[in-house]
1. Only one of 204, 151 is assigned by TED's automatic domain parsing to the domain that holds residue 94 and in a helix (DSSP H, G or I); which?
2. In the range 340-372, which residues are in contact (Cβ under 8 Å) with a residue 40 or more places away in the chain and either within 17 Å of residue 386 (Cα to Cα) or touching a helix residue (DSSP H, G or I) at 6+ places or on another chain (Cβ under 6 Å) (or both)?
3. Would you check which residues across the range 245-267 are over 21 Å from residue 286 (Cβ atoms) and more than 30 Å from the chain's Cα centre (by Cα) and list them?
4. Applying the selection to the range 101-121, what residues are touching a residue at least 60 places away in the same chain (Cβ under 8 Å) and either part of a strand (DSSP E or B) or on the phi > 0 side of the Ramachandran plot (or both)?
5. I'm checking my understanding of the structure. Among residues of the range 91-100 that are in contact with a helix residue (DSSP H, G or I) (Cβ under 7 Å, 6 or more places away or on another chain) and either farther than 24 Å from residue 291 by Cβ or at pLDDT 95 or above (or both), which one is surrounded by the most Cβ atoms within 10 Å (Cβ to Cβ)?
6. Go through the residues of the range 228-243 one by one and say whether even a single one is part of a loop (DSSP other than H, G, I, E, B) and either within 29 Å of the chain's Cα centre (by Cα) or outside the structural domain of residue 102 (by TED's automatic domain parsing) (or both).
7. Just to be sure I understand, how many residues within the range 358-374 are over 30 Å from the mean Cα position of the chain (by Cα) and within 16 Å of residue 14 (Cα to Cα)?
8. Quick one: count up the residues across the range 314-361 that are touching a strand residue (DSSP E or B) at 6+ places or on another chain (Cβ under 8 Å) and in a loop (DSSP other than H, G, I, E, B).
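The values are calculated or read from the model by the stated rules, or taken from the named source; none is laboratory data. Note that the structure is a prediction, hence the values are computed from the model and not measured. Positions of Cβ are generated from backbone atoms using ideal geometry, with glycine treated the same way; all protein chains shown enter the neighbour counts.
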């Protein structure tokens, strides 16, 4: 909780966080807001967390998802007749030429120097139409026992599906990802766990599939959109059903779909193609494409926010010798997940966010008032942020 409170409050320094939250010998916001009886030192926190395996935090991620489900927060994420979209993507969060641990991957640069780095396979609940995302328990990309090759995103995605796919089945998930994920083994792994896939499909990596597409007559659908100023934009959809993902008799068959966005001058401003296990028809093709394009939200609303807007994901809070770097990144993701739950289902938190406007202003005020006032609970803190009144002595 000492480490989690740091990330929840979006603090960049353990020491500054501890000084801000302490209010005397017998009282502190750490105690009243986070249940911490005695604030531990940053070194003590690191010593305790380093040997703890990351899997211990997995139930906490399940808890945030359950809170969203119980209080109706998942309704804003439902698309395609009540289904949920889970975007998969990898992200690096640590890199150093000097520090390293057994969980580090390595790479040699052109200058001859070797870098140690950490990366993970993130799984994030996303949806088009709003900017909220909910991080799920990730899978770390680390050296695997007995493996000759270095670990990669695809292998991590397979492990994530094996570990979490069964629990996700009740969400009727549709998995999103870039062209790296649209391989037959990964698509088959998604289907085996009861989900559907909607992955980017590029011609240079799927030559057999595109040979089949070029020899087929696609189904087509066009939709026009009138924009501000009277301008129009056309969406041209084409799709071919039951195309092989690769060469061979054992090839898995899926559906290929392409979208082109054309402005009023006839210029194509966007073009992309996907492969999916979802059934496509003129009534749902537009929504399927919108959902496929929502995979960018794991970059824009997740990684970008975590790295550049207050969570300091790439900051080295401590590397340790075993699991410390992984523990810190999990607690950071967990804080982000708790914030999403609060943004979605906690009325007082929502009111405070609405009063203060931007995320930056909200957490700036949160830092300021917790440095000068002691609050008995979160209800009193949010009320003070809403009404601008100080808590009672």
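1. Working: 151 fails: in a helix (DSSP H, G or I).
Just one listed residue meets the conditions, 204.
2. Selection gives 341, 343, 344, 345, 359, 360, 363, 366, 367, 370, 371.
3. Listed by number, the residues that qualify are 247, 248, 249, 250, 251, 265.
4. Taking the range 101-121 and keeping what is touching a residue at least 60 places away in the same chain (Cβ under 8 Å), we get 101-103, 118, 120.
Matches in the range 101-121: 118, 120.
5. Across the range 91-100, the extreme among qualifying residues is 94.
6. no
7. 1
8. Looking only at that region, the number is 3.
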